[in-house]
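The values are calculated or read from the model by the stated rules, or taken from the named source; none is laboratory data. Computed from a predicted model, the values in this text were never measured in an experiment. Please note: Cβ atoms are built from the backbone with ideal geometry, for glycine as well, and neighbour counts cover all protein chains shown. Quick note on the areas: whole protein, heavy atoms, side chains included, nothing else; ligands and nucleic acids left out. Shrake-Rupley method; radii C 1.70, N 1.55, O 1.52, S 1.80 Å.
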Amino acid sequence: MSPKSETDDKGPIHRWTPLPVRIEAVEHFADRAEHVLTVTDPAWSDVAHDYRLLAVNSSLRRQQESIRAAILLSRHDLGHLAVAFVRAALDDVIYLRFFASLDLDRSQELFAAMSNFDSLRALLAQRNYIGDKEMARPWYPTPFFDWAVAGSAETRTVLRELKQQYGWTGSLLPPGRWVADRAGQRELYDYLAAASSRALRFSAGEITRCGWIEPTGKPVTDKPAFREHLACFALDRLWRLYLDTWQVAVPMLERAGIRNDHSLHDEDMITAVARLRETGSVPLIHAHKWNLPPST
């Protein structure tokens, strides 16, 4: 089954759908989605031939778990923290679309270089932080570090060549904005990346926007209405991004170790999605944060 893409559907906006109603609708969707798509373990021989399969498997599993986590957080007045999950799901969509647009050989080459760079950078950063003595205590022999340093230098050389070949600018890794352009998702990326990134790192704008002056003259940073609004935003975006990821992954599902169960038929998902659509699309920035009153 190939679901209809919902991520770019700006749809009707119902900002005040009660959070419990939205939670129930998202949970119903999650139940159906996990029955239709069962994430299992792919065969290594398939993954070695096409690294995108591992990305599909990991992305859909993580997004299923992120939706479940967002539901749990929302039920405990912590749903605003689930906005952090939106960025990861957005990256899944744009990077999978980008890699799916490449032929297999080019995809393998770039995926391997990016993977090696990330892995070796993390390893060497850990070594630099805790030192060789601690690294060697239960873990790594000294010759391994020599291999890692050499491998890092080699990977950087490969990425410089790929950077020139593909034409991205900036860092050695392709920037998210460039990937979004190549994936045809720039408008969505500009909206969600900036928005969700504030949930992951220090942001002066987010700090000031989350402060609300009460009649007492004191600012509060835990206003219930805003926390609920952010929870609704996260719940709304996560199911939409999940469907988009699913759509990109359709040609690779079986090889990625994901059982696509047709026994539930399309009607079950159609019903679950229709129920979510009735709750409306939720914009991130609440008009009240700009002191704008409701329309009369």
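Taken over segment 131-146, the criterion of being surrounded by fewer than 12 Cβ atoms within 10 Å (Cβ to Cβ) and in a helix (DSSP H, G or I) is satisfied by Gly131, Lys133, Thr142, Pro143, Asp146. Picking from residues in segment 48-63 that are in contact (Cβ under 8 Å) with a residue 60 or more places away in the chain and not in a loop (DSSP other than H, G, I, E, B), the one that is surrounded by the most Cβ atoms within 10 Å (Cβ to Cβ) is Val56. Just checking, does segment 46-55 include any residue being closer than 14 Å to Ala234 by Cα and within 17 Å of the chain's Cα centre (by Cα)? No, segment 46-55 contains no residue that is closer than 14 Å to Ala234 by Cα and within 17 Å of the chain's Cα centre (by Cα).
Taking the conditions (1) touching a residue at least 24 places away in the same chain (Cβ under 8 Å); (2) open to solvent by 20 Å² or more (accessible area, probe 1.4 Å); (3) in a helix (DSSP H, G or I) in turn, Leu173 satisfies each one other than (3).
Within segment 261-271, one or more residues are under 27 Å from Ala100 (Cβ atoms), modelled with pLDDT of 85 or more and crowded, with 20+ Cβ neighbours inside 10 Å.
Does Arg97 meet the test of being open to solvent by 40 Å² or more (accessible area, probe 1.4 Å), in contact with a helix residue (DSSP H, G or I) (Cβ under 6 Å, 6 or more places away or on another chain) and modelled with pLDDT of 95 or more?
Yes.
Cβ-Cβ contacts under 6 Å between residues 6 or more apart (or on different chains), taken from a first residue in segment 85-111 that is farther than 15 Å from Gln165 by Cβ to a second residue that is outside any helix (DSSP H, G or I), are listed as Ile94/Gln185. Against the condition surrounded by fewer than 16 Cβ atoms within 10 Å (Cβ to Cβ), modelled with pLDDT under 80 and among the hydrophobic types (A, V, I, L, M, F, W, C), how does Ala287 come out, does it pass? Yes: the conditions hold for Ala287. On the basis of being modelled with pLDDT under 95 and not aromatic (Phe, Trp, Tyr), does Ala195 make the cut? So Ala195 passes the test.
Taken together, the residues in segment 95-110 that are farther than 18 Å from Pro175 by Cβ and among the aliphatic types (A, V, I, L, M) amount to 2.
Residue-by-condition table, conditions (1) of a type in the set (Asp, Glu); (2) within 29 Å of the chain's Cα centre (by Cα); (3) modelled with pLDDT under 90:
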residue: Phe144; (1), (2), (3): no, no, no
residue: Thr157; (1), (2), (3): no, yes, no
residue: Glu161; (1), (2), (3): yes, yes, no
residue: Tyr166; (1), (2), (3): no, yes, no
residue: Arg177; (1), (2), (3): no, yes, no
residue: Gln185; (1), (2), (3): no, yes, no
residue: Asp190; (1), (2), (3): yes, yes, no
residue: Ala199; (1), (2), (3): no, yes, yes
residue: Ala204; (1), (2), (3): no, yes, yes
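Of the residues contained in segment 28-44, one or more are found to be open to solvent by less than 70 Å² (accessible area, probe 1.4 Å), at pLDDT below 95, of a type in the set (A, V, I, L, M) and assigned to a helix (DSSP H, G or I).
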